[in-house]
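Comments concern the structure below.
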Amino acid sequence: MEMREHIISLPERIFIGNGIISRIDEYFSELGLTGPFLIVTGSNVRRLIVSKILDKIPADVIEVQEANLDEVRKVEEFAKKHESNVILGVGGGKAIDVAKFSAFELNKRFVSIPTAPSHDGITSPFAAIKGLGKPISMKAKEPTAIIADIDVLSSAPRRLINAGIGDTVGKIVAVRDWRLAAKLRGEYYGDYTASLALLSARHALNCTKIINKDLKYGVRLLVEALISSGVAMGMAGSTRPASGSEHLFAHAVEMLYPEGPLHGELVGVGTIMMAYIHGIKWKEIRKALIRIGAPVTAKQLGVPDEIIIKALTIAHTIRPERYTILGDRGLTWASAEKVARNTGVIT
Ligand SMILES: NC(=O)C1=CN([C@@H]2O[C@H](COP(=O)(O)OP(=O)(O)OC[C@H]3O[C@@H](n4cnc5c(N)ncnc54)[C@H](OP(=O)(O)O)[C@@H]3O)[C@@H](O)[C@H]2O)C=CC1
Ligand SMILES: O=C(CO)COP(=O)(O)O
Ligand SMILES: [Zn+2]
């Protein structure tokens with residue numbers, strides 16, 4: 001068997017616990033991280049959370065609205081001008097992605113401080129940046145440190161927490177797609193990283209039974225699942241264990257309907273439909289999402305039925321090199337409509 005070079009990018013240190021954001025100064029000196037520091041964040045998170053960090057360490061702050069190339073360039077210019085030494089991503093997936101991609105391009109250290117458990121980009125050395133050609137993740141910098149404060153993460157709006165569960169249950173389909181690609185196309189399949197991603201999905205399903213009763217414990221379980229799914233991506237050297245046809249559907253809707261739902265909400269609904277096509281436990285996944293109040297229909301997503309159907313028909317074109325259950329030719333309009341109808345996504 002030919003052994004090609006395989007590089008594994010993992011975080012150096014993960015800090016997780018209650019109220020730990022106030023210990024950021026200790027963590028930084030433990031790791032030998034010195035300023036100037038640059039915080040990349042969004043306007044809501046700046047207002048709600050960033051002052052907790054500024055109380056402990058001096059840092060410049062820059063706000064980003066979107067995870068696109070213009071915002072990356074803006075951050076890079078600022079970082080160069082202010083000679084930033086460490087770039088901190090503080091916020092949801094977008095702020096973290098812009099920070100980690102800028103750190104990668106500038107070869108600076110990156111610290112991930114998630115404020116919502118809404119995505120598994122917290123750990124992954126990949127970033128979804130718009131304007132680079134395709135609406136999929138690109139190689140970025142692995143975090144030197146992750147500071148996951150459960151008090152902060154569980155104070156995020158419930159919709160964001162539910163989105164994280166949606167992003168994580170998606171791994172059930174992603175791993176099936178990966179196995180299929182290995183069988184039909186001889187693609188490399190990493191048993192260990194696939195198992196790790198599946199373990200994350202199992203934790204997320206379990207989380208749906210706990211989170212309504214014990215929010216903080218549920219969020220802790222979820223954050224661990226998100227972190228280990230990111231580790232799976234870092235070990236695989238690609239997003240393959242964490243992204244399959246359910247993500248292709250989500251990316252397709254994001255392209256057709258940019259101001260639409262959260263990433264994890266779309267992945268959750270995509271998982272229901274792709275699990276149906278795979279012939280696996282789609283009803284159980286749907287029930288789990290309903291249990292936590294996550295969207296399972298086009299109406300709840302706020303997306304027109306036609307966009308859902310259109311997205312199903314174009315999903316296979318987004319990443320043609322990544323083989324999935326959608327095959328090379330994808331779904332016809334009639335079959336897409338049937339899938340969406342039979343799974344209750346449209347009525
Ligand atoms: N790199 C990777 O491997 C992965 C990347 N992603 C990417 O991540 C993005 C999705 O991330 P997601 O977090 O859903 O979306 P956003 O980053 O857009 O966050 C959604 C909203 O939540 C707000 N927010 C975040 N934390 C809090 C909080 N504690 N309290 C109140 N509001 C808060 C943000 O505010 P503000 O306006 O301040 O930002 C923003 O308005 C997508 O671009 C997706 O492609 C997803 C999975 C993996
Ligand atoms: O969202 C992701 C994993 O949850 C990343 O996947 P993509 O490579 O499809 O952007
Ligand atoms: Zn995702």
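Each reported figure results from applying straightforward, stated rules to the coordinates on display, with no laboratory input. All values derive from a computational prediction rather than experimental measurement. Reconstructed Cβ throughout: ideal geometry from the backbone, glycine too, with neighbour counts over all protein chains shown.
Of note:
- For segment 311-347, a residue qualifies if it is touching a residue at least 40 places away in the same chain (Cβ under 8 Å), closer than 18 Å to residue 276 by Cβ and in a helix (DSSP H, G or I), and the qualifying residues are 311, 312, 315, 316, 339, 340, 342.
- Exactly one residue out of 78, 37, 15 is within 27 Å of residue 221 (Cα to Cα), buried (at least 16 other Cβ atoms within 10 Å of the Cβ) and aromatic (Phe, Trp, Tyr): that is 15.
- Taken over segment 54-86, residues that are within 15 Å of ligand 1 (Cβ to nearest atom), in contact with a strand residue (DSSP E or B) (Cβ under 9 Å, 6 or more places away or on another chain) and not in a helix (DSSP H, G or I) amount to 7.
- Exactly one residue out of 100, 141, 171 is of a type outside the set (A, V, I, L, M, F, W, C), within 20 Å of residue 246 (Cβ to Cβ), touching a Pro at 6+ places or on another chain (Cβ under 8 Å) and crowded, with 24+ Cβ neighbours inside 10 Å, and it is 171.
- Scanning segment 212-233 for residues that are within 23 Å of residue 290 (Cβ to Cβ) and within 16 Å of ligand 3 (Cβ to nearest atom) yields a count of 5.
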